[in-house]
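Have a look at the structure below before the remarks.
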Amino acid sequence: MRAPRGAKSVTIVDIADRLGLSPMTVSRALNGTPPGASAATRARVLACAADLGYQPNRWARSLVQRRSSIVGIVIPDIAHTFFAQITTGIEEVLEKSGYDILLCHSRNDPAREKSEIAMLTGSRVDGLIVASCQPPLSPDLFLDIRRRKIPFVLIDRFFPKRSFAGVRTDDREVGRVATAYLVSLGHSRIAFIGGPDLSPALLRRRGFSDALGSAGLRSRSAWIVAGDFEIEGGYSAMQQLLAARTRPTAVFAANDPMAIGAIYAARDAGLRVPQDISVIGAGNIEGRHHPNPYLTTVDWPREDLGRSAAHILLEAIRLPTRRTLTAFEIFPPRLLVRQTTAPPA
């Protein structure tokens, strides 16, 4: 019969006493650990465990096995659909492999990110998946994690000249595709709203310059404005662009929230999108902030990024070699033409 409520937790020793087996045999039967137990013994143990209401102690098991079956995930914005979709892909793969996740939110704060990672590694997670907000030329945090032999995978970010495992889209191609499309519509006065000092924004600006150069165009300094990857930053940046002596006819914002903010600013200034000014973003987000008309953007498969990151991490946990600890996958972007872009008036 099952253990009564309020009774002490059932242990492996209780099962062993009930069946007249050794605790080691019971443990192997429960965990399927080689050389394990016979099929008949395993069936008896599992039936008895269910009857007694046995619940495995994860932390005790992690001390014995020296693994926790937990992966730590650190993302900048837990409410952002972009990172929510990546996390969905990660969780799908990890759950099938018997792993749980601990999800942390850095709020785009490098110091908070360090604190969250310290908490996760102190909790003996088996590995980390991180969308880092550390500056691109400051990889010390991850060099330290590598020295401590903790497997990790970077998502959506990378550090130049450092061979860390990771997954991302081709951000330079994101910038090139978006800008080349505006050029193809006939625009020559094209502005760029950048993001924080992180690899996605820096590479998208390079792609922006690539496309202009290929078309024999160049952008004025007044048409390149800093942003922050947030709606409010896009709004402020567009206000600055509209105040320029010569107004651009099209704007590429380095991500969709800033593009949405830019559209709001243009409308508040009495302009029509896309009749008076075209706007294109990057990321293909969805949600309550999506404007109408719908945003032309550049897309890439976020859930696939998450699945790839999880597979790379699991391989690094299983067999930590130089190949598995530095594996990197880059996903190509694609243009989604919607209703916020048109030829110049």
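Data table
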quantity: The stretch 126-173, subset buried (at least 18 other Cβ atoms within 10 Å of the Cβ) and among the hydroxyl-bearing types (S, T, Y), residue farthest from L305 (Cα to Cα); calculated: S132
quantity: From the options E113, E91, residue that is surrounded by 14 or more Cβ atoms within 10 Å (Cβ to Cβ), charged (D, E, K, R) and closer than 15 Å to A309 by Cβ; calculated: E91
quantity: Selection within the stretch 228-250 - assigned to a loop (DSSP other than H, G, I, E, B), hydroxyl-bearing (S, T, Y) and within 27 Å of the chain's Cα centre (by Cα); calculated: none
quantity: Filter pass, R176 being outside the structural domain of V130 (by TED's automatic domain parsing), within 27 Å of S132 (Cα to Cα) and of a type in the set (K, R); calculated: yes
quantity: Residues within the stretch 75-86 that are outside any loop (DSSP other than H, G, I, E, B), farther than 15 Å from R157 by Cβ and either of a type in the set (D, E) or touching a residue at least 24 places away in the same chain (Cβ under 8 Å) (or both), tallied; calculated: 2
quantity: Criterion (of a type in the set (S, T, Y), at pLDDT 85 or above and not assigned by TED's automatic domain parsing to the domain that holds L30) met by exactly one of T121, T81; calculated: T121
quantity: Residue satisfying condition, being charged (D, E, K, R) and touching a Phe, Trp or Tyr at 6+ places or on another chain (Cβ under 7 Å), within set R146, R168; calculated: R168
quantity: Which numbered condition L103 misses (of (1) in a strand (DSSP E or B); (2) surrounded by 20 or more Cβ atoms within 10 Å (Cβ to Cβ)); calculated: (2)
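The values are calculated or read from the model by the stated rules, or taken from the named source; none is laboratory data. For clarity, every value in this text was computed on a predicted model and none was experimentally measured. Reconstructed Cβ throughout: ideal geometry from the backbone, glycine too, with neighbour counts over all protein chains shown.
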